[in-house]
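Values in this text are rule-based calculations from the coordinates and carry no lab data. All of these numbers come straight from a predicted model, not from anything done at the bench. Cβ atoms come from the backbone with ideal geometry, glycine included; neighbour counts cover every protein chain shown.
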């Protein structure tokens, strides 16, 4: 076939597929927002669910989501950033680092239901924590760990070498260099990774429902069970309790994730511009 | 971060972590998804009367509730089926009775089935609607998952020992989901808690008998199962207060309005060792 | 050794401990799952466990075949949908679009990755399932529904990794090809794609891993029947759904059987991940020698 004709056909096909993909994405977002935005109101966001979610709002689930995500991030960040610091600053590429990296990569591939199974048997049952923020956040933090390790490592590696050499030439210890020179410069990248993880944590359902449970009360301690927005949406939608409220919850979720993505992008752009 | 700031943060975290809240001010009720909506209702009203007490209601299915009660993960386990012999160690309290309704889509031409026909449909022998109606279309059978008390009750009351539910049946993990599927699929059939039947689905009459509270009480409608609260040992403290509320006139009226049958009426099912008056 | 050196050693040790956290967690999870799951795989016979088509826990029958076949069918279907769509987007974004268009579309596609799986499942239930039921027949909850939803969900994985591998092909390849007088499409088809082949394969394998591991969306649209699906319109149960549906209450042998399901899942995904890592490493190696 004439190469030019072939290219015209190929380009058309490619355009079609791309438009199809974009259409699917926009369709999902517009559909949820169109059905969900009308439900959103001040009281929807500030009142607790009533009658199993048939009426009332989603306030306790918003709190549950925030508390669970925060706890998971608090656990995963020191572990992840510490790992990244060790891998980049304190050692060279050897078998040990390969093992650590392999471990992190494998962890990233494990499906969420396995984490849920593990968390349920270990934290909820064997260790007796019950369905709780504690069980849920521990399980969730393990899921976020690989992402934080990867993004922190990238951020730390992209700090220019001169920074480190200048620090040493001024007589600092390695730890001082890391904490006072490298980390502050790498913070934007690290924070980007954390925000990405937050986005993932908000949408996570399988692992959370089996470890943090689905209680509708506002959590009062780490041992309380609590329901996140994703879990609430899942329950409302599947059981047909209130499709309106389901759409409303989904709308809040989508808006939160949109917001997080925009935040990530603007942070990344600022960070890249700083180093151009 | 300066060392003392770090240790302060850790100390704070530890304090928050170890606070289970004021001792005994919260307890968990877990198990049957059939009982769950009603337990939620009871918990809601109970917590209004007792501010400061938190009742956490979880689902998971009857078998999960029984497990949770045994292991202590929940202070009250909920079950919508009778206990098996190896579960009898638990203290059981009947808190309500519930009928099992066979449901179809509101547009379905079907209105009545015999028990044998129900057995054949769910067992997979009758596969096409044309055997029973003028519709020529495969029957979409919907059932609950294995650990469900509703399924256990259905198995015992309808299928009988030794006859399995078809493995080609669609499986869902709560009454609400089954109802949703039947409400949307005109060619489906399923079974749910009678208390959950709404205008979105039609409950069939069984051998000509309508599924209703009167017919259950008069024993004409055979499909009924107990809703049980299970505790490890006798209930005490806030847990006992909750159970007392559930069995009180107010608690029973609360769920009777929602379609359940109060616990006290009708004779208890065989072998149910009622140990809480 | 003065105090400074001692402190430095302490810090290094502390960081090493933290670094091992990922490995430690992985080890604990692996040991746990395998420890609880392996015994029962052999108790009733490995053959019967993997190839038995009867899953009936209350009668102690643990045949995983319907779920294994289910996972395979659904994943294959997801690839049929996700790979052409994803590759097309990746090729378009790297070879056939202006920089401005790329900057606009890339974040849009990454947004796809952020949507929670339960939302995908829900859209599947309210839009896709009734559509399949009314136009194609069957209950709608089917292999087809699960494949379509999963195919969409793995798009971001395939697209972003394929874009990376296409962009990593040395510019000299493209420029050399154009210098020979080929059209852009001929360049893409005959030079760029083959050069990026390893990375693209890695993206597909990773997409497979994601599809096999997905649970929530699949539970909502697949029907979860415990039988081997006879057609794309039949309901199906995957390995992941099996665990999720029965986990809450399983005890004794049943629970061990679910762990064993987890073991099978684990092994499949580890194998896929290793293949992906090896192929992408080979891609990087090839590029180093070529450029």
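The share of alpha-carbon pairs in segment C:55-290 lying farther apart than 33 Å comes to 28%. If you fit an axis through the alpha-carbon atoms of helix B:62-71 and take the longest principal axis of the Cα set of chain B, what angle between them do you get, 0 to 90°, nearest 10? Tilt of helix B:62-71: around 30 degrees.
The angle between the Cα long axis of helix B:175-184 and the main principal axis of chain B comes to about 40°, on a 0 to 90 degree scale.
Based on alpha carbons, the Rg and Dmax found for segment A:40-275 are 20.2, 67 Å. Taking every alpha-carbon pair under 8 Å whose residues sit at least 6 apart, segment A:206-252 reaches a relative contact order of 27 percent. Report the Cα centroid-to-centroid distance between segment C:112-154 and segment C:46-105 in angstrom, as an integer. What the calculation gives is 13 Å, centre to centre.
Computed from Cα positions, the angle between helix B:237-247 and the longest principal axis of chain B comes to roughly 30 degrees. Across chain A, Cα pairs under 8 Å and at least six residues apart give a relative contact order of 27 percent. Note on the protein assembly as shown: helix-only mean residue ellipticity at 222 nm, from DSSP H runs of 4+ residues weighted -39500 (n - 2.57) and normalised by residue number, equals -19500 deg cm²/dmol.
Ignore the peptide's own chain and count Cβ atoms of other chains within 10 Å of each Cβ in B:184-197; give me the average, rounded.
Across the residues of B:184-197, the mean count of other-chain Cβ atoms within 10 Å is 2.
Specify the inter-centroid distance of segment B:50-69 and segment C:178-204, based on alpha-carbon positions, in whole Å. Taking the Cα centre of segment C:178-204 as reference, the centre of segment B:50-69 is 58 Å away.
Spatial offset of segment C:205-284 relative to segment A:63-142 amounts to 21 Å, using the alpha carbon center of each. Taking the fewest neighbouring Cβ atoms within 10 Å as the starting point, the ordered list for C:56, A:234 is C:56, A:234.
Binning all Cα-Cα separations of segment C:104-194 at 10 Å, short to long from zero, yields these whole-percent fractions: 14, 29, 24, 19, 12, 2.
Sequence-distant contacts, meaning Cα pairs under 8 Å at least 6 residues apart, place the relative contact order of chain B at 27 percent.
Peptides C:191-199, C:121-129, C:39-47 ranked from most to least packed give C:121-129, C:191-199, C:39-47, packing being the mean of other C-beta atoms within 10 angstrom over each peptide's residues. Packing, taken as the mean count of other beta carbons within 10 Å per residue, orders the peptides C:3-14, B:42-53, B:64-75 from highest to lowest as B:64-75, B:42-53, C:3-14. Taking every DSSP bridge with both residues inside segment B:36-191, close to 45 percent are antiparallel. Across peptide C:217-226, the average count of Cβ atoms from other chains found within 10 Å of a residue's Cβ is 5. Looking at the protein assembly as shown, the pairs of alpha carbons with a distance over 50 Å make up 20% of the total.
Report the antiparallel proportion of the DSSP beta bridges in the protein assembly as shown as a percent, rounded to a multiple of 5. Here the antiparallel bridges make up roughly 60 percent for the protein assembly as shown.
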